[in-house]
Amino acid sequence: AAAPAGAAEDRRARQLAAGRGLLRCLAEHCAGVAEADAAGRADLEEAGGAAAFAAAGRRRRALAALIRVGAAVADAGLDCEALRRQLEALASGSAVSASSATFVAPTNEPLAVSATTSAAGTSAATSASASGRRSDDRSLGRALLVATRLASAGVGQGEEERKEAVRRLSPLLDTLLRESAAPSSGRRPAQLWELSLRDVVPILGAIASLAARPERLDPRIRSQLLHGLEGAFGGPSPIDGFNLSSSATPPSAATLAELAAAWAWLGQEEGPRPDVGGELPLELPEATVEACRRWAISPTRVRSVVERWLASGG
């Protein structure tokens with residue numbers, strides 16, 4: 001019985017290897033298609049008007065496809081540098097096109113009719129713009145998450161290699177952390193903090209797992225992330241600063257613990273690290289301990305998550 005069982009295991013291993021190979025080929029093919037399409041999109045964007053509007057739509061569709069393929073590749077524990085490069089380029093381009101591409105369809109309506117419907121049209125356009133912006137924010141967040149997971153699958157333990165992998169994510173992080181103008185209040189919060197809590201927590205966890213040590217992050221980006229999380233935990237509730245609809249299920253204790261862990265990880269000072277599981281446990285920042293007490297979050301669970309991230313990469 002042992003021989004047939006061994007043969008079956010070998011067959012499954014070969015099938016798994018073949019499947020991973022096909023997945024990598026698919027990723028490289030999709031990256032090539034996206035790269036080939038880039039010149040056509042650039043020409044449309046340069047033409048302006050309806051052509052630029054069409055180019056923005058093509059870019060969003062391509063980004064959505066690469067996010068799906070990239071997530072499957074990352075789930076298999078693989079990296080594809082070509083796919084990651086196109087994903088980063090498309091996401092950065094989507095941020096630009098979302099803020100600059102505006103298309104107004106021509107109208108043959110009489111002036112009186114146009115004047116009567118002006119306010120309603122403006123309101124509808126504003127609502128559609130806000131909805132599109134939220135969709136773009138989610139797409140950028142998912143692109144960052146997938147790119148980070150792909151980088152984690154391919155990065156080695158060397159200091160310079162890991163720092164370079166983190167550095168390549170800086171443009172996407174910069175985009176999500178950038179505040180922008182808002183007609184009503186003058187400024188709108190950074191895009192990252194307008195995502196739902198369930199979107200934000202995996203992004204922060206993936207970044208921490210890739211970087212392992214917070215000092216590998218750009219100091220400005222690290223400061224912005226710390227500031228955002230301090231605002232979340234310093235308010236009436238750690239979930240108030242996030243886009244969590246009233247109909248949604250409240251976040252789990254594990255989700256809140258990982259959010260607190262991200263805050264604690266970002267606040268770690270550079271220096272020798274305690275051995276995970278050793279006699280000297282990790283010291284959590286005092287503000288994190290106080291937040292855990294206020295919001296009934298387990299400090300032991302938070303400490304365990306931070307230790308796991310610190311141990312993930314040298």
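Bear in mind these aren't lab numbers, they're just calculated from the coordinates by the rules spelled out. Owing to the predicted nature of the structure, the values given are computational and were not obtained by experimental measurement. We place every Cβ from the backbone using ideal geometry, glycine too, and count neighbours over all the protein chains shown.
Report, please, the projected area of segment 25-79 averaged over directions, based on the convex hull of its C-alpha atoms, in nm².
On the way: hull surface 14.3 nm².
Averaged projected hull area, Cα only: 3.6 nm².
In nm, give the distance between the simple-model label positions of A47 and E269, each being 7 Å from the Cα along the Cα-to-Cβ direction.
6.0 nm
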